[in-house]
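Worksheet: one structure, shown below.
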Amino acid sequence: MKRDELIFDIIEKEHQRQLKGMELIASENFVSDQVMQAMGSCMTNKYAEGYPGHRYYGGCEIVDQSEQIAIDRLKKIFDAEWVNVQPHSGAQANAAVFLAVLNPGDKFMGLNLDQGGHLSHGSAVNTSGIIYAPCAYNLDRETGRVDYDEMEAIALREKPKMIIGGGSAYSREWDYPRMRDIADKVGAIFLVDMAHPAGLIAAGLLNNPLKYAHIVTSTTHKTLRGPRGGVILIGKDFENPWGKKTKKGQIRTMSQLLDSAVFPGIQGGPLEHVIAAKAVAFGEILQPEFKEYAAQVKKNAAVLAQALMKLGYKIVSDGTDNHSMLVDLRTKFPELDGKTAENALVAADITVNKNMVPYDTRSAFKTSGIRLGTPAITTRGAKEELMVEIAALIDEVLSHVNDEKTIVKVRTHVNEVMKNYPIFAY
Ligand SMILES: *Cc1c(COP(=O)(O)O)cnc(C)c1O
């Protein structure tokens, strides 16, 4: 067959874009060559509906092995009793939990989407908000941290059946014991979505939510540095509290309900090539080098936040405990919106995303903030000195968003600097 040069040229352009730029999108990372190799392998050809040892297709003996290794490694990383590695994405992992735990119309609680929550935690345009009934908790206006007292008051009033911790733009550690206490008070399932900080948790740099939450979900492609995908984990399996019975009259455990919710509930055949790549990435996480990487991610984020604050920027909650931070642009540049800032920085090959800040005065389309993160650039070998330089470059661009000359000058410099920070061989 003739090689599809049209598409491979486009892939090469994307490769060059990734090589030349400073990648600061908090949810992105660069996977290793062996993770990519597993993803681009013949495992994509195999249908394997079901789970290892219990499949609906023949010829699954080999993919059973890689899926079982992915399961065993993930259990070891987070000290989990049970995991499911089949969700195609983080949003799918959450959708499966909703299906397993809630009935349509049931109330649940998550962090307000305008304040760092995620689409799959109750957005009106997502299944979570269409099928179920969300009520949100908020951040404290002064501290920029989750207001747990308000969370408790709302929970006692609304009696949600599930409470979700975790978000997409929250840079602080979560008070998991307090949240479990609130969940227990109202008889709710406590779900933690650790999609963002999972890699730092894996390295022991942040608290492990599996000790407190009934159920934990994650993506595998953010700080975990694996292929694009999702996982579900349980620290200790438990009986389904709503007592749904099987046809034979047995009460199903939560792990059984979750397995059924992923397949056949919301998905068909698992992506065995991606699951093999998840296994490879989990193997990398179990190496000592990953701990060093995660520690550097955290150090770099702290230094970047400090450097930006020194330049007069407001960081929501005045710092970070993890890999990410939210810059409230209004303090330094009242006229500058997140969309304009994102466009100017992207033009200078500094890739960031606009983001609403808590109690934002602008729309989700414009926003007053940008979100920054260090997982990707740290994979390329960046240390603290580069963080200080990045803060200065960001400041230079944001001080001259309409000046093409400055943007070109910064971009040339960025491209030059990034030559010293290789990505994996490909
Ligand atoms: C990124 C993210 C997800 C969703 O991941 P996708 O793989 O894009 O579906 C879910 N929850 C949180 C908190 C996230 O940050």
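The values are calculated or read from the model by the stated rules, or taken from the named source; none is laboratory data. Every value quoted in this text rests on a predicted model; they were computed, and no experiment measured them. Cβ atoms come from the backbone with ideal geometry, glycine included; neighbour counts cover every protein chain shown. Areas reflect the complete protein model, heavy atoms only, side chains present, ligands, DNA and RNA absent. Shrake-Rupley method; radii C 1.70, N 1.55, O 1.52, S 1.80 Å.
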Q) How large is Rg over Rh for the range 3-80, taking Rg from the Cα atoms and Rh as the Kirkwood inverse mean of 1/r across Cα pairs? A) 1.09
Q: At q = 0.13, 0.17, 0.18 Å⁻¹, what is the base-10 log of I(q)/I(0) for the range 113-235 according to the Debye formula with one equal point scatterer per Cα and no solvent? Please give it to two decimals.
A: -0.50, -0.88, -1.00
Q: Provide the gained length on full extension for the span residue 318 to residue 11, in nm with one decimal, where the gain is 0.36 nm per separating residue minus the Cα-Cα distance.
A: 106.6 nm
Q: Summarise the accessible area of the range 98-186 (1.4 Å probe, protein heavy atoms) by the percent that is carbon and sulfur.
A: 49 percent
Q: For the chain, list log₁₀ I(q)/I(0) at each q in 0.13 Å⁻¹, using the Debye formula over Cα point scatterers of equal strength and ignoring solvent, two decimals each.
A: -1.17
Q: In square nanometres and to one decimal, what's the mean projected area of the convex hull around the Cα atoms of the range 297-406?
A: 6.3 nm²
Q) Quick one: Debye curve from the C-alpha atoms of the range 250-359, no solvent, what's log10 I(q)/I(0) at q = 0.19, 0.24 Å⁻¹? A) -0.99, -1.25
Q: Take the alpha-carbon centre of the range 319-334, take the same for the range 70-101, and report the distance between them in whole Å.
A: 31 Å
(Q) With only alpha-carbon pairs counted, each pair once and no self-pairs, how large is the Kirkwood hydrodynamic radius of the range 41-163 in angstroms? (A) 17.1 Å
Q: Enumerate the calculated ³J(HN,Hα) couplings along the range 218-235 in order (Karplus 6.51 cos²θ - 1.76 cosθ + 1.60, θ = phi - 60°), each rounded to whole Hz, writing x wherever the residue is Gly or Pro.
A: 7, 8, 10, 10, 8, 5, 6, 6, x, x, 4, x, x, 8, 10, 9, 10, x
Q) How much of the calculated P(r) for the range 159-310 lies past 26 Å, in percent of all Cα pairs? A) 36 percent
Q: With only Lys, Arg, Asp and Glu charged, each at its Cβ (+1 for the first two, -1 for the last two), find how big the charge dipole of the range 176-224 is about the Cα centre; round to the nearest 20 debye.
A: 60 debye
Q) Between residue 311 and residue 260, what length in nm is gained on full extension when 0.36 nm per residue of separation is reduced by their alpha carbon distance? A) 13.2 nm
Q) Whats the longest run of the chain with zero trypsin sites (Lys or Arg not before Pro) that are DSSP loop and have at most 14 other Cβ atoms within 10 Å? A) 4-140
Q. Can you list the HN-Hα couplings for the range 102-116, worked out from phi with the Karplus curve (6.51, -1.76, 1.60; θ = phi - 60°), rounded to whole Hz and with x for Gly and Pro?
A. 10, 9, x, x, 5, 7, 9, 10, x, 5, 2, 5, 6, 10, x
Q) Across every pair of different alpha-carbon atoms, what Kirkwood hydrodynamic radius in Å does the range 36-99 reach? A) 13.2 Å
Q: Would you mind working out the accessible area per residue for the range 16-79, using a 1.4 Å probe, and quoting it in Å²?
A: 55 Å²
Q: Using a 1.4 Å probe over the heavy atoms of the protein chains, calculate the carbon and sulfur portion of the accessible area of the range 301-343 as a whole percent.
A: 51 percent
Q | Estimated [θ] at 222 nm from DSSP helical runs (n ≥ 4, -39500 (n - 2.57)) normalised by residues in the chain, nearest 500 | A | -12500 deg cm²/dmol
Q) Which whole-angstrom value gives the distance between the alpha carbon centres of the range 365-426 and the range 219-242? A) 32 Å
Q | In Å², nearest 10: area of residue 212 left accessible to a 1.4 Å probe | A | 70 Å²
Q.
Taking amide H atoms as placed 1.01 Å from N in the peptide plane, list the residues 5 or more away in sequence, or in a different chain, whose amide H sits under 5 Å from that of residue 109.
A. 135, 162, 163, 164
Q. Taking the alpha-carbon centroid of each part, what is the distance from the range 123-180 to the range 1-36 in angstrom?
A. 36 Å
Q.
Through the Karplus equation 6.51 cos²θ - 1.76 cosθ + 1.60, θ set to phi - 60°, convert the phi angles of the range 397-408 into ³J(HN,Hα) values in whole Hz; use x for Gly and Pro.
A. 5, 5, 7, 9, 4, 9, 9, 4, 4, 4, 5, 5
Q | Solution diffusion estimate, µm²/s, Stokes-Einstein, the range 360-419, Kirkwood Rh from C-alpha pairs, 10 °C, viscosity 1.306 mPa s | A | 119 µm²/s
Q.
Please list, ordered by chain and number, the residues whose modelled amide H lies under 5 Å from the amide H of residue 370; skip anything fewer than 5 residues away on the same chain.
A. 327, 329, 355
Q: Go through 117, 89, 179 and say which Cα lies farthest out towards the positive end of the charge dipole of the range 80-182; charges sit on Cβ, +1 for Lys and Arg, -1 for Asp and Glu.
A: 89
Q | Residues with amide H under 5 Å from that of residue 314, placed H, sequence gap 5 or more | A | 328, 331, 332
**Q.** Proportion of all alpha-carbon pairs of the range 21-63 beyond 14 Å (%)
**A.** 63 percent
